[in-house]
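The values are calculated or read from the model by the stated rules, or taken from the named source; none is laboratory data. Here the structure is a predicted model, which means the values were calculated and not measured. Using ideal geometry, Cβ is built from the backbone for each residue, glycine included, and neighbour counts are taken over all protein chains shown. Ligands, DNA and RNA are stripped out before the accessible areas are found, and what is left, the full protein with its side chains, is counted by its heavy atoms. Shrake-Rupley method; radii C 1.70, N 1.55, O 1.52, S 1.80 Å.
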Amino acid sequence: MFIYNAWYIAAEPAELNDGRIVGRVLLGKRIALYRGDSGQLVAFEDACPHRKAPLSLGTVVGDGVRCAYHGAEFGADGRCIKVPGQKAVPPKAVVNTYPVIERHGYIWVWLGDNQAGADESSIPDGFWVSGEPSWIGGYGHMESIKADYRIINDNLFDITHAEFVHPESFGGQEVQFYRNARPGSEFVDRGMSFEIGANSIRFRVHAAALGDEGGPLWRSMLAQSHGEEEWDEPIDFRMEVIWWPPCYTSFHISVRPMGKPEAEPVEIYNLHAAVPETTRSSHYFYRSVRNYGDASMNAAFIDAASFVFNQDKPILEGQQEVLGERDLLQTDPISFSGDRLPLEGRRILERLLAAERVER
Ligand code: FES
Ligand SMILES: [Fe+2]
């Protein structure tokens, strides 16, 4: 069920500060990640070839690692270079390494066999904004949501749940406007348009005059950016959502005072990554950046994002408990009109999975 030939966010760069080695399970594999003394990033299989102690318990030495158990040292290429107390190093003493790269404010790893494909071009380009210092924001990371990453993808795609699950932030009755999505690339007043590409799905929603029927968060963006307590007037609201397989979603929200198309928009990008941990659990990385305010607002934004995700979490984990080992689509579920895009996303994943099966 995993797509291996893809870049996966494995860590926030700050997690690797001060010689720390992060041990993390991704796609069912145990990975150790660290930054060597020269700054080189390294991703190892998190198991010493001697007695399988996790290398993430070890110590960074130069650009390599010393195992915590019997002190064997491994270079950044995974080869054993030293065994304490003996001259010869066993030739088979090599740890698997994985391609690793830092981009857009994240550490990404490639766990697939097809390392020829591990170039940067397949990192979702819409994540550029998270590495861009002129956008102000913060990040959060939740370990181990007990749900298949596809259930989290479905949730991020699906704005129809916001009215019921997130009424004090994203959710308003406005989502009812967007139930009849149409193909296209325009912002349609009180409508949704969508584009299904080979490797992305994009949808746009718009309301030229959104009042109390909109999610409270949208008007609070205008209030905050103008230094006011509340924004009582209707607003011009636009949102563009892009999803890239296997597990990346960007929400770009842009609001203006109603009827002022010339006004500079107040904007937020919310970026989400639901990285598979096991077949039934995921790491969730998220980031919220904006074009207004200062860093003193960051913590409040991340707290708000955590609050929202904690509203989703019991539902997602509850779905997984009900499903057990089954995939959602094996249960022949009923679908509503709002499920169209999540289903298209699952089709793209199926196509990529089938392509990997042929390669193997
Ligand atoms: S387990 Fe690593 S040196 Fe023994
Ligand atoms: Fe949600």
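Overview of values
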| read-out | value |
| --- | --- |
| Out of SER130, SER121, SER134, sole residue that is closer than 14 Å to ILE268 by Cα, in a helix (DSSP H, G or I) and either of a type in the set (S, T, N, Q) or more than 14 Å from ligand 2 (Cβ to nearest atom) (or both) | SER130 |
| Criterion violated by GLY259 - all others in (1) part of a strand (DSSP E or B); (2) open to solvent by 30 Å² or more (accessible area, probe 1.4 Å); (3) touching an Asp or Glu at 6+ places or on another chain (Cβ under 8 Å) satisfied | (1) |
| Matching option when the condition is open to solvent by 20 Å² or more (accessible area, probe 1.4 Å), part of a loop (DSSP other than H, G, I, E, B), farther than 30 Å from LEU353 by Cα and away from ligand 2 (no atom under 16 Å from the Cβ), among PHE187, PHE177 | PHE187 |
| Among the candidates GLY338, GLY318, residue that is outside any loop (DSSP other than H, G, I, E, B), open to solvent by less than 30 Å² (accessible area, probe 1.4 Å), free of Cβ contacts under 8 Å to residues at least 40 places away in the same chain and not polar (S, T, N, Q) | GLY318 |
| Within the stretch 341-353, considering residues that are in contact (Cβ under 8 Å) with a residue 60 or more places away in the chain and closer than 19 Å to ILE159 by Cα, the one surrounded by the most Cβ atoms within 10 Å (Cβ to Cβ) | GLY345 |
| Matching residues, the stretch 31-51, being under 25 Å from the mean Cα position of the chain (by Cα) and of a type in the set (Ser, Thr, Tyr) | TYR34 |
| Single residue of the stretch 144-172 satisfying the filter (surrounded by 22 or more Cβ atoms within 10 Å (Cβ to Cβ) and farther than 29 Å from LEU27 by Cα) that is nearest to ligand 1 (Cβ to nearest atom) | PHE170 |
| Residue within the stretch 74-97 that is closer than 18 Å to ARG35 by Cα, in contact with a Cys (Cβ under 8 Å, 6 or more places away or on another chain) and more than 16 Å from ligand 2 (Cβ to nearest atom) present | yes |
| Failed condition for LYS313, given (1) under 15 Å from ASN153 (Cα atoms); (2) in contact (Cβ under 8 Å) with a residue 60 or more places away in the chain; (3) surrounded by fewer than 16 Cβ atoms within 10 Å (Cβ to Cβ) | (3) |
| Which listed residue, of VAL60, VAL95, is of a type in the set (Val, Ile, Thr), within 13 Å of ligand 1 (Cβ to nearest atom) and either under 30 Å from VAL358 (Cβ atoms) or in contact with a strand residue (DSSP E or B) (Cβ under 9 Å, 6 or more places away or on another chain) (or both) | VAL95 |
| Hits in the stretch 86-138 - residues which are loosely packed, with under 12 Cβ neighbours inside 10 Å, polar (S, T, N, Q) and under 20 Å from the mean Cα position of the chain (by Cα) | SER121 |
| Check on ALA32, within 25 Å of GLY117 (Cα to Cα), modelled with pLDDT of 95 or more, away from ligand 2 (no atom under 16 Å from the Cβ) and open to solvent by less than 30 Å² (accessible area, probe 1.4 Å) | yes |
| GLU233 vs. criteria modelled with pLDDT of 95 or more and away from ligand 1 (no atom under 16 Å from the Cβ) | no |
| Residues of the stretch 145-174 satisfying the condition of being farther than 30 Å from PHE2 by Cβ, out of contact with any Asp or Glu (no Cβ under 6 Å at 6 or more places or on another chain) and within 12 Å of ligand 2 (Cβ to nearest atom) | GLU163, PHE164, PRO167, SER169 |
| Residue match in the stretch 60-68 (condition: more than 16 Å from ligand 2 (Cβ to nearest atom), open to solvent by less than 30 Å² (accessible area, probe 1.4 Å), assigned to a strand (DSSP E or B) and out of contact with any helix residue (DSSP H, G or I) (no Cβ under 9 Å at 6 or more places or on another chain)) | yes |
| Conditions (1) within 29 Å of GLY197 (Cβ to Cβ); (2) at pLDDT below 95; (3) open to solvent by 30 Å² or more (accessible area, probe 1.4 Å); (4) in a helix (DSSP H, G or I): number failed by MET297 | (1) |
